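A.B. asks: Before we start, here is the structure in question, set down as structure tokens.
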Amino acid sequence: MKERPQTVGINQALYGYDSGHRELASSLSLSIDDKHAMLVFTDRAAPMHDMPARGYLVGFPLKDAGAYALVRTWPAPEMDRPGSVWSHALLIDFALMAQVPDLSIFRAYFRRPEGPSADLSTYRTVEPAFFQQKLMGGIGPNEEAAATLIHALYADTNGPAQMDVSHVSAPEDLVFALWSQQWPRLRRGFKFCTFCDLNKTDRFSSFDLQLFNDKRVGQRSAYVLDTLRSRVGGEDASWISVALEDLTGESYGLREFLKTKASDVSDGRRHFRRLCEIYRDLTKQNSGAALARAVTHTLEAFSNQEGRLLREEVVRAAVNRGGDLPIATLKTVLVSIDRSGLSLSHETVVSLGKLIWRRMPALFLSEDTPSVFFNSLEEILPGLDEEAIVKGLEVASALSARVLPLATSVFASERAWASSIAESMLREVSALSEVFEKTGIENKVIAAFCQAAPEALAEEAASSFDKRGLIAALAAAPELLETRAGRKLSIELMSSSAATEFINALARPPVASVDISLLTVWADLVQPLGFDRDRNSTSNDPWLALAENSSQSREESDGALRLACWILRRGLRLERDDAAASLSFALDPIFSAVLSGRMPTQDALLFRADLVSVDWWDWVTDADRIIQTIARKARHSGFTIEQFVGLTKSDALLRSLVSSLSYKYKGRKYLDRLKDEYGLASEEAVERFERVMS
């Protein structure tokens with residue numbers, strides 16, 4: 001489909017001789033300052049004998065009018081006064097200039113008056129104009145001249161760029177090509193004259209570009225061109241090659257980049273070279289060093305008040321190719337975002353956040369990193385795999401409290417439990433138990449813990465995990481009890497809080513299968529002995545209460561002895577009061593069975609709830625080792641006289657305990673301390689203690 005041209009309106013004015021150089025007609029009323037600028041720059045710029053018949057061009061902005069004055073001046077030999085000129089000015093609105101891709105189209109609207117009697121009314125109307133939204137052409141055969149002019153215009157911006165064009169064909173084409181390449185803000189501030197007098201440049205001293213037909217300038221241009229040629233292909237000239245490629249029509253990527261990414265950049269002539277280098281590094285060189293260079297150049301060249309669109313482009317490039325960026329450059333990007341208050345899209349925040357996590361997660365905690373990244377972790381983490389999250393937390397453990405509740409799937413990873421963040425994970429388990437249950441990963445979490453977590457964490461795990469879920473998971477997967485952490489965990493579960501929960505479950509007959517699975521000790525030890533709910537126990541320890549309420553005699557069966565062994569072993573790990581009660585319950589039946597040879601076989605003791613080891617079997621069948629261990633526990637825990645003499649009903653066994661304690665100095669010291677407590681003990685306890693001591 002053929003592209004439809006757009007209709008625009010262009011104001012205009014005519015200047016010429018009428019008792020002096022003055023405005024002859026205009027469609028737009030101008031301010032005093034704008035009128036003065038028009039009078040100065042529409043007058044003759046160079047000697048008449050050198051002026052081409054086609055005239056020359058002058059371009060400059062009218063700030064008050066918000067328009068750009070593009071003027072063609074012709075010699076007017078038909079006028080009475082020598083040196084007179086005609087100047088037709090197109091007053092182009094700034095907004096219109098930004099829309100026109102090829103500014104050379106405006107040349108078609110210049111009209112030279114026919115003479116002194118010409119009809120001036122046509123210059124008092126707004127000129128309708130039509131233009132196509134496309135570029136009309138390149139620079140033709142002027143590539144070398146274009147390279148020279150680019151260097152003159154943008155390499156040194158301390159004054160006007162001057163160039164001899166006597167050897168250049170169609171120099172106006174060259175000017176319009178360079179002007180059209182510029183982005184709107186630079187376009188409307190660009191000042192140029194295509195026909196200047198080398199001896200009279202004061203009037204155009206503020207201009208950016210001055211063209212001459214003077215060989216003295218040509219010698220200087222030739223020197224610049226020779227210098228440029230010697231550097232073609234080198235780093236110094238590569239930015240010129242980028243600009244030339246755009247001018248010749250090989251690619252219009254640069255001008256599109258300038259228009260969309262540099263639209264808020266002021267002092268564009270000074271920044272043009274740097275922008276070409278940034279464009280080159282972002283698009284032409286696919287390497288981390290080039291991207292890092294683009295980032296550095298962007299942040300160095302532009303203040304926080306300008307270049308925002310360019311910084312956004314650099315951030316996007318960092319997101320897309322950030323894996324190649326040095327860490328220092330990535331930090332620089334984040335500092336720039338923070339200090340300039342750059343507004344990033346949600347998508348960019350998430351993408352860059354993933355990059356930061358993979359490269360250096362500690363940056364989330366840096367004061368120089370915008371808080372939006374830390375606050376967006378909930379959206380960033382789902383895009384990362386478990387291994388990436390674990391690796392990140394290993395080097396930035398301070399993020400654990402923030403990250404782990406947002407990445408609960410990590411808890412089901414053996415890799416995570418085997419890492420250095422296992423302890424941090426365990427601290428979060430209690431708060432996340434409901435989440436685990438709702439998401440259906442509770443059993444997976446417990447299984448991963450048992451398979452990979454350090455054994456040392458089992459004690460803490462027993463109080464951190466939900467006990468009903470924990471015991472049910474172990475019962476559902478008995479193989480977990482064969483792991484070191486699982487074995488330790490099953491032992492730690494024999495605690496007062498777990499037992500209390502279990503006894504409460506027993507109060508709701510019939511006992512459901514899930515209740516039985518809460519603690520396999522019930523199935524292996526207590527249930528076979530029977531359970532009398534009507535009997536009362538004086539013990540504060542629920543597990544000991546279970547044992548005391550078992551209906552069969554503690555000495556009647558192997559099952560009763562196995563229960564006594566478990567209570568004895570558990571008592572050795574408890575604090576003083578609970579330990580004394582447990583040992584008092586278990587010591588006599590066990591010792592009696594050992595002495596009479598009635599202890600169960602080794603296989604009978606290997607019930608899965610307690611996972612009794614061979615070492616334990618050796619100990620529990622050796623009377624001397626039992627006595628030594630019980631005596632040491634009494635001394636270490638500081639049993640009172642009442643607790644010490646209550647360990648056994650047998651004076652002989654109690655005397656053996658005293659003998660074991662007397663064997664070492666610390667034991668004798670402990671026994672002496674018990675004597676000092678006579679006033680706190682009952683007469684019966686003191687009397688028995690004195691009896692065994694004698």
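The values are calculated or read from the model by the stated rules, or taken from the named source; none is laboratory data. Note that this is a predicted model, so its numbers are computed, not measured. Every residue, glycine among them, receives a Cβ derived from its backbone with ideal geometry; neighbour counts consider all protein chains shown. To get the accessible areas, we keep the full protein, side chains included, count just its heavy atoms, and leave off ligands, DNA and RNA. Shrake-Rupley method; radii C 1.70, N 1.55, O 1.52, S 1.80 Å.
A.B. asks: Cβ contacts < 6 Å: first residue in contact (Cβ under 8 Å) with a residue 40 or more places away in the chain and within 10 Å of Gly268 (Cβ to Cβ), restricted to the stretch 173-191; second residue among the charged types (D, E, K, R) and open to solvent by 10 Å² or more (accessible area, probe 1.4 Å), any location; separation 6+ or different chain. Result?
C.D. replies: Pairs that qualify, where the first residue is in contact (Cβ under 8 Å) with a residue 40 or more places away in the chain and within 10 Å of Gly268 (Cβ to Cβ) and the partner is among the charged types (D, E, K, R) and open to solvent by 10 Å² or more (accessible area, probe 1.4 Å), are Trp183/Lys259; Phe190/Asp208.
A.B. asks: Restricting attention to the stretch 15-30, does a residue exist that is closer than 21 Å to Trp179 by Cα and modelled with pLDDT of 95 or more?
C.D. replies: no
A.B. asks: While we're on this one: With the requirement that a residue be more than 32 Å from the chain's Cα centre (by Cα) and not in a helix (DSSP H, G or I), what does the stretch 267-286 give you?
C.D. replies: Within the stretch 267-286, just Asp267 meets the criteria.
A.B. asks: Right, another one. Looking for whichever is open to solvent by less than 60 Å² (accessible area, probe 1.4 Å), polar (S, T, N, Q), assigned to a helix (DSSP H, G or I) and under 20 Å from Lys488 (Cβ atoms) here; the options are Ser424, Ser419, Ser430, Ser409. Which one fits?
C.D. replies: Exactly one of Ser424, Ser419, Ser430, Ser409 is open to solvent by less than 60 Å² (accessible area, probe 1.4 Å), polar (S, T, N, Q), assigned to a helix (DSSP H, G or I) and under 20 Å from Lys488 (Cβ atoms), namely Ser424.
A.B. asks: Take Leu647 and tell me if it is at pLDDT below 90 and closer than 25 Å to Arg569 by Cβ.
C.D. replies: No, not satisfied.
A.B. asks: Determine whether the stretch 365-385 contains at least one residue that is more than 14 Å from the chain's Cα centre (by Cα), closer than 26 Å to Ile421 by Cα and modelled with pLDDT of 80 or more.
C.D. replies: yes
A.B. asks: For the stretch 273-291, state whether one or more residues are under 21 Å from Thr348 (Cα atoms), of a type in the set (S, T, N, Q) and surrounded by 19 or more Cβ atoms within 10 Å (Cβ to Cβ).
C.D. replies: no
A.B. asks: Return yes when Arg72 is touching a residue at least 12 places away in the same chain (Cβ under 8 Å), open to solvent by 70 Å² or more (accessible area, probe 1.4 Å) and assigned to a strand (DSSP E or B) and no when it is not.
C.D. replies: no
A.B. asks: Can you confirm whether the stretch 376-391 contains a residue that is in contact with an Asp or Glu (Cβ under 9 Å, 6 or more places away or on another chain) and open to solvent by 10 Å² or more (accessible area, probe 1.4 Å)?
C.D. replies: no
A.B. asks: Kindly indicate whether any position in the stretch 241-257 is over 19 Å from Leu149 (Cα atoms), touching a Ser or Thr at 6+ places or on another chain (Cβ under 7 Å) and open to solvent by less than 10 Å² (accessible area, probe 1.4 Å).
C.D. replies: no
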